[in-house]
Amino acid sequence: MDLDALYQQLIIDHHKNPRNWGKIQPADREAVGHNPLCGDKLVLTLKLSEDGTRITDARFEGEGCAISTASASMMTEAIRGKTIEEAKAMFEAFHAMATGEAPPDAERLGKLAALAGVRAFPARVKCATLAWHTLMQALAGGGVATTE
Ligand code: ZN
């Protein structure tokens, strides 16, 4: 299967059946993401390890296009069990890939590398990166992350 076909399949699959849907209550970290350009909105909640260095659970809910929902779904799968430092490194790698600054870092990104296909659609880059900006906002203490 080529990367474009994999990209399509993952978007459809994760949009129809988002993983880790919902809200952790009480959450250790929470942030809202908003992409006014497309109308995507999501709430991300995190549970951290006792020492606060590792993400033990991540859930999201909201309303968004297929790409924003699929990207958030894949992100929650990818960051669960990761340290905060690892999650930040994944953000850097994902952001660089989505904006076309760097080729996909498959070692760091795993399955997320398939989302490199978004580079062909500049208007959708913000949809793909919204969940990741929301994650950074949550780790920085919460609040609202906006792509504008
Ligand atoms: Zn969108």
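Just so you know, all these numbers are worked out from the coordinates, no wet-lab data involved. Quantities reported herein were computed from a predicted structural model and do not represent experimental measurements. All Cβ positions, glycine included, derive from the backbone under ideal geometry; neighbour counts span all protein chains shown.
Data table
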{"item": "Partner lysines for Lys126 [C-alpha distance under 24 Å; skip if fewer than 8 residues away on the same chain]", "result": "Lys16, Lys23, Lys41, Lys82, Lys88, Lys111"}
{"item": "Rh by Kirkwood over Cα pairs, then Stokes-Einstein D for region 1-79 at 1.567 mPa s and 4 °C, µm²/s", "result": "98 µm²/s"}
{"item": "Ala140 paired with Asp28, simple spin-label distance in nm, labels 7 Å along Cα-to-beta-carbon", "result": "2.0 nm"}
{"item": "Region 131-148 - phi-based ³J(HN,Hα) in whole Hz, Karplus 6.51/-1.76/1.60, Gly and Pro as x", "result": "4, 6, 5, 5, 4, 5, 5, 4, 5, 7, x, x, x, 10, 9, 10, 7, 8"}
{"item": "18 Å Cα-Cα reach of Lys47 towards aspartates and glutamates, excluding residues that sit fewer than 8 places from it in its own chain", "result": "Asp28, Glu30, Asp57, Glu61, Glu77, Glu85, Glu86"}
{"item": "Gaussian network model of the chain, Cα within-10 Å springs - most flexible of Ala113, Ala58, Ala123", "result": "Ala123"}
{"item": "Convex hull of Cα atoms in region 59-136, direction-averaged projection (nm²)", "result": "4.7 nm²"}
{"item": "Contact order normalised by residue count of region 1-101, Cα under 8 Å, 6+ apart, percent", "result": "26 percent"}
{"item": "Computed label-point distance, nm, for sites Arg108 and Ala66 using a 7 Å Cα→Cβ extension", "result": "2.9 nm"}
{"item": "Cα-centred dipole magnitude for the chain, charges only on beta-carbon of K, R (+1) and D, E (-1), debye, nearest 20", "result": "240 debye"}
{"item": "Estimated [θ] at 222 nm from DSSP helical runs (n ≥ 4, -39500 (n - 2.57)) normalised by residues in the chain, nearest 500", "result": "-13000 deg cm²/dmol"}
